[in-house]
Amino acid sequence: MGYAIALIFGYLLGSVPFGLLLTRAAGLGDVRNIGSGNIGATNVLRTGNKGLAAATLLLDALKGTAATLIAGHFSPDFGLLAGFGAFLGHLFPVWLGFKGGKGVATYLGVLLGLAWQGALVFAVVWLAMAFLFRYSSLAALAAAVVVPIALYLSGTPQIAGLFAVMSLIVIVKHRANISRLVAGTEGKIGAKG
């Protein structure tokens, strides 16, 4: 019963669509009508409002961190499940007809809550790739490939296994981005609209 509660708790917390809520509150309309149609920070940045994009990134990450820490207080396994639930909630929020973001910020937040060293690895890889190539999607994909390997090598196989699954989901959710990267039509970081 506790496992189900942890998963549902994480899911409900993760399904709060901060990008959509913040852009609407700022009078910028529905962020799903611009760019990639995504509710995440990269698409919020396409509104031209860097502050809202940063707030979206922070809140989307913190919902993952909060889920893992709160549930993890009761059991490490509950923390893992709640983190996975938060990630799934962001991807498939019940409030938006199960059409959410791509999960990168929430992935990072869950990582921060479960293995902060892995979050540092993610941040370094993401920043390096973003600086070199200016594609958020490429940076996220590279980080998602490296993180489970780094976690496994650091001696946390259970967490590495969770992030291998989450990384696979992130890659699948980025199918359209991968196609655009190959075609040379992917939007670069900071591009509007």
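With the condition kept exactly as written, say whether any residue in the range 65-82 is in contact with a helix residue (DSSP H, G or I) (Cβ under 9 Å, 6 or more places away or on another chain), among the polar types (S, T, N, Q) and part of a loop (DSSP other than H, G, I, E, B). Yes, because at least one residue in the range 65-82 is in contact with a helix residue (DSSP H, G or I) (Cβ under 9 Å, 6 or more places away or on another chain), among the polar types (S, T, N, Q) and part of a loop (DSSP other than H, G, I, E, B). For the range 16-67, a residue qualifies if it is among the small types (Gly, Ala, Ser) and within 15 Å of residue 189 (Cβ to Cβ), and the qualifying residues are 35, 36, 40, 41, 48, 53, 54.
Note on the range 139-149: among residues that are surrounded by fewer than 20 Cβ atoms within 10 Å (Cβ to Cβ) and touching a helix residue (DSSP H, G or I) at 6+ places or on another chain (Cβ under 7 Å), the one that is nearest to residue 181 (Cα to Cα) is 142.
All conditions in (1) surrounded by 14 or more Cβ atoms within 10 Å (Cβ to Cβ); (2) modelled with pLDDT under 90 hold for residue 5, with the sole exception of (2). A Cβ distance below 7 Å, combined with a sequence gap of six or more or placement on separate chains, defines the contacts here; from the range 159-173, residues that are closer than 12 Å to residue 141 by Cα reach residues that are open to solvent by less than 30 Å² (accessible area, probe 1.4 Å) and of a type in the set (Phe, Trp, Tyr) in the pairs 166/87; 166/107; 170/107.
Restricting the range 91-114 to residues that are open to solvent by less than 10 Å² (accessible area, probe 1.4 Å) and assigned to a helix (DSSP H, G or I), the residue that is farthest from residue 154 (Cα to Cα) is 91. Is at least one residue of the range 36-43 surrounded by 24 or more Cβ atoms within 10 Å (Cβ to Cβ) and not in a helix (DSSP H, G or I)? The answer is yes; a qualifying residue exists.
Would you confirm whether or not the range 124-136 contains a residue that is in contact (Cβ under 8 Å) with a residue 40 or more places away in the chain and assigned to a helix (DSSP H, G or I)? Yes, there is a match, as at least one residue in the range 124-136 is in contact (Cβ under 8 Å) with a residue 40 or more places away in the chain and assigned to a helix (DSSP H, G or I). A count restricted to the range 35-73 and to residues that are basic (Lys, Arg) and within 15 Å of the chain's Cα centre (by Cα) stands at 1. Taking the criterion of being in contact with a helix residue (DSSP H, G or I) (Cβ under 8 Å, 6 or more places away or on another chain) and in a loop (DSSP other than H, G, I, E, B), the residues of the range 157-186 that qualify are 174, 186.
The values are calculated or read from the model by the stated rules, or taken from the named source; none is laboratory data. Just so it is clear, the model here is predicted, and its values are computed rather than measured. Glycine also receives a Cβ, built like all others from the backbone with ideal geometry; neighbour counts cover every protein chain displayed. Side chains are part of the model used for accessible areas, which takes the heavy atoms of the whole protein and leaves out ligands, DNA and RNA. Shrake-Rupley method; radii C 1.70, N 1.55, O 1.52, S 1.80 Å.
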